[in-house]
Amino acid sequence: AAARGVLVRRVGPEKLEERALHFVPGMTAVLVVPEGFTLFQLAVRLEELEICSAAEFLQTAKDPAVLGPLGIRGDSAEGYLFPATYELVKRAPAERVLGKLVKQRRKRLGAWAHETKQAELTELELLTLASLVERETAIDAERPRIARVFLNRLADVAGPTRGRLQSDPTAAYGCLRMPDLPSCPKAPGNVSPVMLKDAANPYNTYRIVGLPPGPIANPGDRSIEAV
């Protein structure tokens, strides 16, 4: 085939085995990743579906040795996992599961490459802003307005918010990442005034100027388009 100019793709034994398992009843599970899901929510769902353990997935999602080859510049894969429906093999390595979701995100990011460059946003900045929009509203008509508010606040460091985005979901996400902070509740709940005053929370956009360290969820196309 190669001599006739036909491209031959070699598939390793692991890949062949994975493909074969898709035809075995009970060896696969359907994973639904909603828009705005966090890594933590996704980890729980993966374990419930017996795809991989939550602890393994969370550990893999922040492993520099895994993130580097995937082109992820943040400290975790948060934001880089595309919300969609997947059929995955059960008891799969977490790295393989992560790679599949990131691959779909990469395909979608290619559609926004020109607009991102025009807006002078990095990939990480785009996903971070879009994740804030995603967590602020589920109403499509509101997304562009919220994105504009955030962009205006970022640009106007001398304005009323002094360059602070002042988004409640960012402080809440900081508590997911750092639950031992004194301001974080022992059980999930509403954002409290104490949380919003905590300068030790690096995701607290009531205290920090500009963007948080990275995305706070995995945004869908509509929030990316809004930004």
task: For segment 108-120, state whether one or more residues are assigned to a helix (DSSP H, G or I), open to solvent by 70 Å² or more (accessible area, probe 1.4 Å) and among the acidic types (Asp, Glu).
output: yes
field: Residue list for segment 54-76, restricted to those being under 19 Å from Leu129 (Cα atoms) and in contact with a helix residue (DSSP H, G or I) (Cβ under 6 Å, 6 or more places away or on another chain)
entry: Arg73, Gly74
- prompt: In segment 23-39, what count of residues is obtained for those that are surrounded by 12 or more Cβ atoms within 10 Å (Cβ to Cβ) and either over 13 Å from Val97 (Cα atoms) or of a type in the set (Asp, Glu) (or both)?
  reply: 6
field: Residue in segment 40-61 that is hydrophobic (A, V, I, L, M, F, W, C), farther than 27 Å from Leu124 by Cβ and either modelled with pLDDT under 95 or exposed (fewer than 11 other Cβ atoms within 10 Å of the Cβ) (or both) present
entry: no
query: Quick check: anything in segment 207-222 of a type in the set (S, T, N, Q), in contact with a Leu (Cβ under 6 Å, 6 or more places away or on another chain) and farther than 21 Å from Val102 by Cα?
result: no
query: Does Pro219 satisfy the condition of being closer than 23 Å to Leu58 by Cβ and not aromatic (Phe, Trp, Tyr)?
result: yes
- request: Give the residue, chosen from Glu87, Glu47, Glu125, that is acidic (Asp, Glu) and touching a helix residue (DSSP H, G or I) at 6+ places or on another chain (Cβ under 7 Å).
  value: Glu47
message: For the structure I just gave you, tell me whether Glu95 is touching a helix residue (DSSP H, G or I) at 6+ places or on another chain (Cβ under 6 Å), open to solvent by less than 80 Å² (accessible area, probe 1.4 Å), closer than 20 Å to Phe40 by Cα and part of a helix (DSSP H, G or I).
response: no
field: helices (runs of 4 or more DSSP H) enclosed by segment 140-203 - at least 2 residues per element that are more than 23 Å from Ser76 (Cα to Cα)
entry: 143-155, 193-197
message: Considering only residues that are touching a residue at least 60 places away in the same chain (Cβ under 8 Å), charged (D, E, K, R) and either more than 19 Å from Leu31 (Cβ to Cβ) or part of a loop (DSSP other than H, G, I, E, B) (or both), which ones fall in segment 61-92?
response: Asp75, Glu78, Lys90
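Return yes when Leu151 is surrounded by 15 or more Cβ atoms within 10 Å (Cβ to Cβ) and either among the polar types (S, T, N, Q) or closer than 22 Å to Gly68 by Cα (or both) and no when it is not. Steps first, answer last, please.
Numbers: surrounded by 15 or more Cβ atoms within 10 Å (Cβ to Cβ): yes; either among the polar types (S, T, N, Q) or closer than 22 Å to Gly68 by Cα (or both): no.
Considered against the rule, which asks whether it is surrounded by 15 or more Cβ atoms within 10 Å (Cβ to Cβ) and either among the polar types (S, T, N, Q) or closer than 22 Å to Gly68 by Cα (or both), Leu151 comes out as no.
The values are calculated or read from the model by the stated rules, or taken from the named source; none is laboratory data. Because the structure is a prediction, the values reported are computed rather than measured. Neighbour counts run over all protein chains shown; Cβ positions are idealised from the backbone, glycine included. For accessibility, only protein heavy atoms count, side chains too; no ligands or nucleic acids. Shrake-Rupley method; radii C 1.70, N 1.55, O 1.52, S 1.80 Å.
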